[in-house]
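The structure appears right after this line, and notes come after that.
The values are calculated or read from the model by the stated rules, or taken from the named source; none is laboratory data. Every value quoted in this text rests on a predicted model; they were computed, and no experiment measured them. Glycine also receives a Cβ, built like all others from the backbone with ideal geometry; neighbour counts cover every protein chain displayed. Surface areas here come from the heavy atoms of the whole protein model, side chains and all, with no ligands, DNA or RNA. Shrake-Rupley method; radii C 1.70, N 1.55, O 1.52, S 1.80 Å.
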Amino acid sequence: MIVLPCPWCGPRNVTEFHSLGEVVDRPDPRTATRSEWRTYLYLRNNPAGRVHERWFHRAGCRRFFDAERDTRDNTVFSTWRLGREETGTGVEA
Amino acid sequence: MTRRQARPGPTRADKPRTRVSGYSAAALVRQGLRSTPGWERAWGSHDLRDRYEVVIIGGGLHGLATAYYLASRHGITDVAVLDKGYLGGGGSGRNTAIARSNYLTPEGVAFYDRSLNLYENLAAELNFNIMFSQRGHLTLAHSDASLRTMRWRAEVNKVQGVDSEVIDPDDIKNLAPALDVSDEPRYPVLGALYHPPGGIIRHDAVVWGYARASDLYGVHLHQGTEVVGIDTGHGKVTGVQTSRGRISTGTVVNCTAGWSTLINDMVGVRTPIVTAPLQAAVTEPVKPFLDPVVVSGTLHVYVSQTARGELVFGASVDPFAQYSMRGSLDFIEGLAGHVLELMPGLSKMRVLRQWAGLCDMTPDYSPIMGPTGVEGFHVDIGWGTYGFKAGPVAGEQMALLIADGKPPALIEPFGLDRFLSGELVGEKGAASVGH
Ligand SMILES: Cc1cc2nc3c(=O)[nH]c(=O)nc-3n(C[C@H](O)[C@H](O)[C@H](O)COP(=O)(O)OP(=O)(O)OC[C@H]3O[C@@H](n4cnc5c(N)ncnc54)[C@H](O)[C@@H]3O)c2cc1C
Ligand SMILES: [Zn+2]
């Protein structure tokens, strides 16, 4: 079982979560060119190693949070809350 | 590779130069009568040369098929296939061996149907029994919406001459009596897309057949040879760095499926690929009772019975990016529940083993084939969960691309540039659960 610590709910089975994939910088939709926008939509780094990604706690608090994970062995280094609540006091796994 | 012009006329794409020989009924009898059979190794091992005309990275089905068609159709035999592990150790030896051509887009149908045609004659061409069993392929519909998609697929298929039709629960029961088509289950079966030419093929045999045939043409197959870097100069490929030394070459083909991003990174080519594991499982063998391959998108499961009698199960890819090939209990639990909804009679069957392989998923569930921004660096990737059935056509078309220097019409829609031009080839509806 792969355990992911939700910054609100604590450690849970990864099957409770929905992955939104790696976090990609979103260009300003009002000024982005088509190719910038499609680069944002489609192109990915897909690293074998540490990745910064976004998750949704679908079967729990239904909140979004970010995580840093190793894609080779699913070690979760940390998870943290988004936006205003990002305090840097993420749950360390 | 434009410098090679003098090639024979239009039939070249359908005729190999020579037939692959060596295996025959007489040889089988001769070897069978010996106390220790003296079969020769199916392919040789070689020292790594410091130069090859073409270097193919990845010794799975796609890399081997590309090498075979380069040699047999275009006379390009100065080719090395490099694999960091053993031949067929990636997805090519881990898949559930389903072949079909009932896709959703005209581009997809034409492409996969060519592959099915090549597969139909492959055992004879390679002189290797690939055990292609065209037992029919059923995609079940459990809702009006999916019945509509199937009607659509059937029409797209028929227009292109592919045998494909929507059938009702009574016909399904005739084809697969073990299926519960009553209105008892939570998601009753309302109909199915039936594709008679679909079926299963012995995946290892395809890998070994192409490997042996390429070797006979003089292609070098290097196992245990990891690519660690690619050299470029002035926007062109100049060589490949491997764990066994450097090779200079002007043409490199990336056929590394789940690992393809790591190879692309070596030359700075970005793609939409995300790597995720796909799991599968096999039961103990039982008497033959299930003819067609059965897929249920709603229940996220598919099943077929092998020639040995085992049931092979699979599902959709694991739901997040990973380079790990560990199986999970969640998978096998969910699978068992869904299989029993389809075939309650299987409740006493025991699972023998489960495994996973890496899949290089693209946003539109179509492959990425062709040149990249780096001259001499070609990709044959993005095979996701559907690349086994495409091995022959991908090899044939990639070889043509290398020989002619431009993408053939059949694979033009699958270029890497489609993501920036927005011309995606959406096959999710036909490829996300059924592979
Ligand atoms: C469980 C499962 C079920 C599937 N079922 C089906 C199915 O029913 N039908 C279907 O059509 N498809 C199916 N697929 C998909 C199919 O298996 C793949 O798309 C296909 O095998 C890809 O073949 P390939 O030759 O491109 O890559 P692979 O067979 O994955 O080969 C890639 C090779 O590259 C090598 N490599 C990687 N990095 C390096 C490096 N740095 N240097 C040298 N070598 C390297 C690897 O060792 C590997 O051998 C399934 C996949 C899985 C995992
Ligand atoms: Zn939560």
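Sum -39500 (n - 2.57) across every DSSP H segment of at least 4 residues in the protein assembly as shown, then divide by the residue count to get the 222 nm mean residue ellipticity, nearest 500.
Mean residue ellipticity, 222 nm, calculated: -7500 deg cm²/dmol.
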Exercise. If you keep only loop residues by DSSP, which trypsin sites (Lys or Arg not before Pro) in the stretch B:24-102 have at most 15 other Cβ atoms within 10 Å of their Cβ?
Worked result: B:R34, B:R41, B:R49
Exercise. If each of B:H46 and B:K287 carries a label point 7 Å out from its Cα toward its Cβ, how far apart are those two points in nm?
Worked result: 5.2
Problem set entry | Residue among A:G83, A:G49, A:G21 with the largest mean-square fluctuation in a Gaussian network model of chain A, springs linking Cα atoms under 10 Å | A:G83
For this session: Rank these by accessible area, largest first, 1.4 Å probe: B:K389, B:K287.
Result: B:K287, B:K389
Exercise. Considering only the other residues whose Cβ falls under 14 Å of the Cβ of B:A97, what net charge follows from Lys and Arg at +1 and Asp and Glu at -1?
Worked result: +4
For this session: Determine the dipole magnitude for chain B: charges of +1 sit on the beta-carbon of Lys and Arg, -1 on that of Asp and Glu, nothing else is charged, the reference point is the Cα centre, and the result goes in debye to the nearest 20.
Result: 1340
Exercise. How many Å² of accessible area per residue for chain B, probe 1.4 Å?
Worked result: 41
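Over 24 Å between Cα atoms: which of B:K84/B:K428; B:K236/B:K428; B:K158/B:K389; B:K389/B:K428 fall into that group?
Over 24 Å Cα-Cα: B:K84/B:K428; B:K236/B:K428.
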For this session: Any chance you could list the semi-axes, whole Å, largest first, of the equivalent ellipsoid that the Cα gyration tensor gives for chain B, using √(5λ)?
Result: 36, 25, 21
Exercise. Given 0.36 nm per residue, what is the gain on full extension from A:R58 to A:R72 after removing their alpha carbon distance, in nm?
Worked result: 2.6 nm
Seminar exercise, completed: As straight-line cross-link partners of B:K287, the qualifying aspartates and glutamates (C-alpha separation under 16 Å, not fewer than 8 residues apart within one chain) are B:E310
Exercise. Which value, in nm² and rounded to one decimal, describes the direction-averaged projected area of the C-alpha convex hull of the stretch B:138-177?
Worked result: 2.8
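Quick check: convex hull over the Cα atoms of chain A, volume per residue in Å³, rounded to an integer?
Cα-based convex hull of chain A, divided per residue, equals 108 Å³.
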Problem set entry | Charge dipole magnitude, Cβ of K and R +1, D and E -1 - chain A, Cα centre, debye nearest 20 | 360
Exercise. Which value, in debye to the nearest 20, describes the size of the charge dipole of the stretch B:50-96 about its Cα centre when Lys and Arg Cβ atoms bear +1, Asp and Glu Cβ atoms bear -1, and nothing else is charged?
Worked result: 180
Exercise. With a 1.4 Å probe, how much accessible area is buried between chains A and B, both sides summed, in Å² to the nearest hundred?
Worked result: 1800
Exercise. What is the projected area of the convex hull of the Cα atoms of the protein assembly as shown, averaged over all directions, in nm²?
Worked result: 27.9
Exercise. At a 1.4 Å probe, what is the % contribution of carbon and sulfur to the accessible area of the protein assembly as shown?
Worked result: 51
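Direction-averaged shadow area of the convex hull around the Cα atoms of the stretch B:107-230, nm²?
Details: hull surface 48.0 nm².
It is 12.0 nm².
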